[in-house]
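Okay, so here's the structure we're looking at.
The values are calculated or read from the model by the stated rules, or taken from the named source; none is laboratory data. The structure presented is a predicted model; accordingly, all values stated were derived computationally and were not measured. Cβ: placed from backbone, ideal geometry, glycine included. Neighbour counts: every protein chain shown. Accessible surface is based on the protein model in full, side chains and every heavy atom, while ligands, DNA and RNA are left aside. Shrake-Rupley method; radii C 1.70, N 1.55, O 1.52, S 1.80 Å.
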Amino acid sequence: MLPIILIHGFPLDARMWTSQVEFLRGRGDVGGVVLTPNLPGFGGTPPLPREQTSMEAFAREIHQVIVREAEGKAIVGGFSMGGYVLQELLRSHPEVVAAAMFINTRAEEDTPVARDGRLQSINEITQKGTAGLIDAMLGKLLAKQPSPAVKDQVRAIMASQSPEGIIHAQLAMSQRRNQTDLLARLTLPVLILAGAEDATSPPSVALSMQSHMPQAMLVQIASAGHMAPMEQPAAVNAAIETFLTTTRSQ
């Protein structure tokens, strides 16, 4: 049974996957070994140097985890920025990924407006810290009627990240490539998961990704925004379980 690796999003860390880890580790038929590495600069890990931080560099870190801890092959899921990392991993080291789960993410690069927003955010963090970024992101990440408990959890995880790690990741995301051409070449099993109320990567983005991968399984999570794995963990876990069951029966 292949290990499962889950890559967190921005500006979060491995704690966002707590519900998925508990569920999968308790289901030996589809789960088992579940790894949730923290990307450099997050979860208390030291950041890479600013000029060396990129989606490619993050993908190299995940590749090393797979080689070192998963015997060279894994089922890999990436949430939001983690999805960007997963796509870069599929481009550079497709042989280590047995199946891919794209969770609340997209394939396109930043628009000029989004890129400018990241640069403005970096300036604000440099001058005032991360509180402004966190407040702005919370208004976009959650469903229309968010759970206060989940909102507090997300805020706490975001607030614990280092300004340096956040800045470096913002720059890396602003410079990431368009991966649409990669999607059409994928032949491995793919799950695309979208939150029905996701304002950051809406269901239309997931449908666009699936248009390049007709074989992909697409699941929309009701009453979930961008943070679907934390907002609706039972529904997300059920989608992952179905995908893994289907994948492992092939």
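Amide H contacts of L35 (H built 1.01 Å from N, in plane; Pro and chain starts excluded): I4, I5, L6 sit under 5 Å, all sequence-distant by 5 or more or on other chains.
With viscosity set to 1.306 mPa s and temperature to 10 °C, compute the Stokes-Einstein D of segment 29-78, Rh being the Kirkwood radius across alpha carbon pairs; µm²/s, no decimals. Translational D for this selection: 131 µm²/s.
Taking the 1.4 Å solvent-accessible surface of the chain as the whole, the part contributed by carbon and sulfur is 52%. A crude spin-label estimate for the pair S204 and T126, with each label 7 Å from Cα along the Cβ direction, gives 3.4 nm. Taking a cut-off of 20 Å between Cα atoms, list the aspartates and glutamates near K140, but don't count ones fewer than 8 places away on the same chain. Leaving aside aspartates and glutamates fewer than 8 places away in the same chain, those within reach of K140 are D13, E108, E109, D110, D116, E124, D152, E197, D198, E231. Between segment 217-247 and segment 113-149, the C-alpha centres lie 25 angstrom from each other.
Does anyone have the angle between helix 131-141 and the longest principal axis of the chain? Alpha-carbon axes, 0 to 90°, nearest 10? Taking the Cα atoms of the chain, the angle to 131-141 is about 40 degrees. Per residue, the average separation of C-alpha pairs within less than 8 Å and at least 6 apart gives the chain a relative contact order of 23 percent. If one computes the Cα centroid of segment 93-110 and of segment 190-215, what distance in Å separates the two points? The distance from the Cα centre of segment 93-110 to that of segment 190-215 comes to 12 Å.
Count Lys and Arg as plus one, Asp and Glu as minus one, and take only other residues whose Cβ is under 12 Å from that of Q232; the net charge is then -3.
Per residue, the accessible area of the chain comes to 42 Å², computed with a 1.4 Å probe over protein heavy atoms only.
Between the listed residues S211, A235, Q153, the Cα displaced farthest toward the positive end of the dipole of segment 147-250, a dipole computed from Cβ unit charges relative to the Cα centre, is found at S211.
Dipole magnitude for segment 53-210: about 100 debye, using +1 per Lys or Arg Cβ and -1 per Asp or Glu Cβ, origin at the Cα centre. Would you please calculate the Kirkwood hydrodynamic radius of the chain over all C-alpha pairs and express it in Å, rounded to one decimal? After inverting the mean inverse Cα-Cα distance, the result is 17.9 Å.
Using only Cα atoms, locate the centre of segment 156-180 and the centre of segment 38-84, then give the distance between them in Å, rounded to an integer. Taking the Cα centre of each part, segment 156-180 and segment 38-84 sit 12 Å apart. To the nearest ten degrees, helix 163-174 and the longest principal axis of the Cα atoms of the chain are 70 degrees apart. Estimated from the Cβ-Cβ distance and a Förster radius of 35 angstrom, the FRET efficiency linking V33 and D135 is about 0.40.
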